[in-house]
Amino acid sequence: MSQPQLRNLPSVDALLQDHTLRDLAHRYGHAIVVDACRGALDGARASILAGADAPMPALLIDDVRERAERAVRPSLAPVINATGVIIHTNLGRAPLSEDTLAAMRTTAQGYSNLEYDLDAGERGSRHAHAESIITRLTGAEAALVVNNNAAAVMLILAAFARGKHAIVSRGQLVEICGGFRIPEVMQQSGATLIEVGTTNRTYIDDYARAVTDATTLLMRVHSSNFKVIGFTHEATLEELAALAHSRDLLCVDDLGSGALIDTSAYGLAHEPMPQESLAAGADLVSFSGDKLLGGPQAGIIVGKKSAVDALKKYPLTRALRVDKVTLAGVQATLLHYLKNEAAKKIPVWSMIAATPEELNARAQKWVERLRAAKLDAAVIDAASTVGGGSLPGETLPTRALALTVASPDEFAARLRQNVPAIVVRIEEGRVVFDPRTVLAVEEDALLAGIERVAKMRGFDMRSSI
Ligand SMILES: *Cc1c(COP(=O)(O)O)cnc(C)c1O
């Protein structure tokens with residue numbers, strides 16, 4: 001029964017005679033369009049075998065064009081984050097400040113003094129650029145920037161505990177988003193992990209008893225993305241540092257987020273800060289560049305000059321180093337802190353600082369525009385989160401746009417297919433858009449995307465207005 005229908009399908013060569021496809025082949029190259037024709041014909045064949053009729057030629061051509069256009073579109077593309085999760089690891093973590101973007105662009109565009117000392121007219125060090133700002137901000141003696149915090153932890157362990165013992169509390173053997181697991185990183189670095197204490201309670205004496213001649217460092221790992229409550233105890237960093245120094249060991253603190261501003265000023269719990277870890281006596285402290293710091297992906301190590309200098313010379317550092325563009329971005333982001341303008345200029349912090357009144361005004365404006373387009377929209381109370389493995393369980397009160405539609409999952413799926421893609425939350429059967437994580441420049445594209453999806457054929461809007 002389906003045979004005659006199959007025979008109605010054109011050949012690839014016949015399709016290529018179509019003038020729009022010939023134009024496409026001219027623009028994108030023959031191979032791309034031939035692949036798209038094959039894909040479209042395969043798709044048509046499959047639907048015929050499933051009982052459908054052969055598609056009209058115009059539909060087939062449209063399908064080919066869509067496939068060819070998709071093939072030349074970058075797969076990594078901007079997404080509008082309406083989830084209210086500020087540091088969303090799957091959506092690329094921190095959006096960057098204007099100054100950071102400008103610095104990255106100019107550095108990428110031409111030459112720079114990356115490893116050139118302009119005063120002396122001779123070779124300089126790439127490590128010098130961000131170091132003076134980081135040390136000024138944190139009070140550290142020295143600093144080093146590497147690819148990410150996972151690389152920072154790995155590097156510290158390899159350089160100081162390869163073939164030796166590193167002691168960590170059982171309550172801190174964490175897994176961070178994306179499969180970064182402390183025991184596995186230890187293994188990769190060649191260090192032997194010595195676990196002490198229990199999941200909920202570890203005392204400084206547990207560490208002291210585990211120290212042997214093979215021990216070179218004591219490490220604290222910030223639990224970042226989870227909270228242990230109830231009958232719990234961890235040794236303080238001061239205790240760890242004192243023990244380490246009395247036995248000639250290094251005290252290392254993996255902070256994760258590394259907030260340079262006190263989160264408790266924004267009604268959140270206090271996220272530990274690098275300057276506090278250093279003041280407590282840690283020799284090396286590491287944190288991410290793209291979590292609460294609000295910059296590009298990087299790992300920042302601060303601490304004692306002797307330890308950081310040893311890291312700079314360690315061969316693995318070369319494999320983990322950042323490029324000039326990242327370095328320019330880290331430096332520009334850090335300068336916002338130095339100039340005391342971080343909360344205003346760094347998107348992560350202005351999102352944290354946004355008040356419910358400001359958010360309400362934005363959500364209200366969205367609702368008015370969508371109601372004018374006959375959509376069932378309302379402003380609701382909701383909660384944003386910081387994300388990025390910081391401040392688990394903590395929320396920021398927000399005002400969000402809630403859209404009532406017949407099938408929220410289907411609506412959300414179509415929003416993800418929009419260009420630019422829009423990612424949302426579904427709450428109590430409604431599609432929820434949190435203005436906190438939507439940049440002002442994205443608002444028009446967001447609303448246009450919602451209207452476009454709502455108007456799609458075959459989409460049942462349970463509109464009540
Ligand atoms: C996030 C995190 C890491 C990994 O940092 P990346 O920058 O993602 O590599 C390591 N340790 C802790 C405690 C973290 O929170």
> If you go through region 242-297, how many residues are more than 15 Å from Ala150 (Cβ to Cβ), within 16 Å of the ligand (Cβ to nearest atom), charged (D, E, K, R) and part of a loop (DSSP other than H, G, I, E, B)?
Replying inline: 1
> Which of the residues that make up region 163-186 are more than 13 Å from the ligand (Cβ to nearest atom), in contact with a strand residue (DSSP E or B) (Cβ under 6 Å, 6 or more places away or on another chain) and either under 19 Å from Asp213 (Cβ atoms) or among the hydrophobic types (A, V, I, L, M, F, W, C) (or both)?
Replying inline: Lys164, His165, Ala166, Ile167
>> Restricting to region 309-340, and then to whatever is small (Gly, Ala, Ser) and within 16 Å of the ligand (Cβ to nearest atom), can you tell me which residue is farthest from Ser97 (Cα to Cα)?
In response: Ala319
>> Take the residues in region 205-222 that are in a loop (DSSP other than H, G, I, E, B) and at pLDDT 95 or above; name whichever of them is surrounded by the fewest Cβ atoms within 10 Å (Cβ to Cβ).
In response: Asp213
>> Just to be sure before I move on: is Ala140 in contact (Cβ under 8 Å) with a residue 60 or more places away in the chain and either assigned to a helix (DSSP H, G or I) or within 16 Å of the ligand (Cβ to nearest atom) (or both) in the structure I sent?
In response: no
> Somewhere in region 214-222, is a residue within 13 Å of the ligand (Cβ to nearest atom) and under 23 Å from the mean Cα position of the chain (by Cα)?
Replying inline: yes
> Among the residues of region 223-241 satisfying the criterion of being in a helix (DSSP H, G or I) and touching a helix residue (DSSP H, G or I) at 6+ places or on another chain (Cβ under 8 Å), which is farthest from the ligand (Cβ to nearest atom)?
Replying inline: Glu239
>> Looking at (1) under 30 Å from Asn149 (Cβ atoms); (2) in contact with a strand residue (DSSP E or B) (Cβ under 8 Å, 6 or more places away or on another chain); (3) not small (Gly, Ala, Ser), which one does Glu122 not meet, given that it meets all the others?
In response: (1)
> If you check every pair at least six apart or on different chains, which have Cβ atoms under 8 Å apart with a residue in region 84-97 that is more than 24 Å from Ile380 (Cα to Cα) first and a residue that is assigned to a loop (DSSP other than H, G, I, E, B) and charged (D, E, K, R) second?
Replying inline: Arg93/Asp290; Arg93/Lys291; Ala94/Asp290; Ala94/Lys291
>> Need pairs with beta-carbon distance below 7 Å; first residue of a type in the set (Phe, Trp, Tyr) and within region 10-31, second assigned to a helix (DSSP H, G or I); sequence gap 6+ or separate chains.
In response: Tyr28/Ala68; Tyr28/Val72
> Pick from Ser224, Ser246, Ser306: which is assigned by TED's automatic domain parsing to the domain that holds His336 and within 30 Å of Asp99 (Cα to Cα)?
Replying inline: Ser224
> If you go through region 298-313 one residue at a time, how many are surrounded by fewer than 24 Cβ atoms within 10 Å (Cβ to Cβ) and in a loop (DSSP other than H, G, I, E, B)?
Replying inline: 1
> Could we say that Ala158 is touching a helix residue (DSSP H, G or I) at 6+ places or on another chain (Cβ under 8 Å), surrounded by 15 or more Cβ atoms within 10 Å (Cβ to Cβ) and either modelled with pLDDT of 95 or more or assigned to a helix (DSSP H, G or I) (or both) here?
Replying inline: yes
>> Scan region 187-203 and tell me whether some residue there is of a type in the set (A, V, I, L, M) and either within 12 Å of the ligand (Cβ to nearest atom) or part of a helix (DSSP H, G or I) (or both).
In response: no
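The values are calculated or read from the model by the stated rules, or taken from the named source; none is laboratory data. The structure displayed is predicted, hence computed values, not measured ones. Cβ coordinates were reconstructed from backbone atoms using ideal geometry, including for glycine residues, and neighbour counts include every protein chain displayed.
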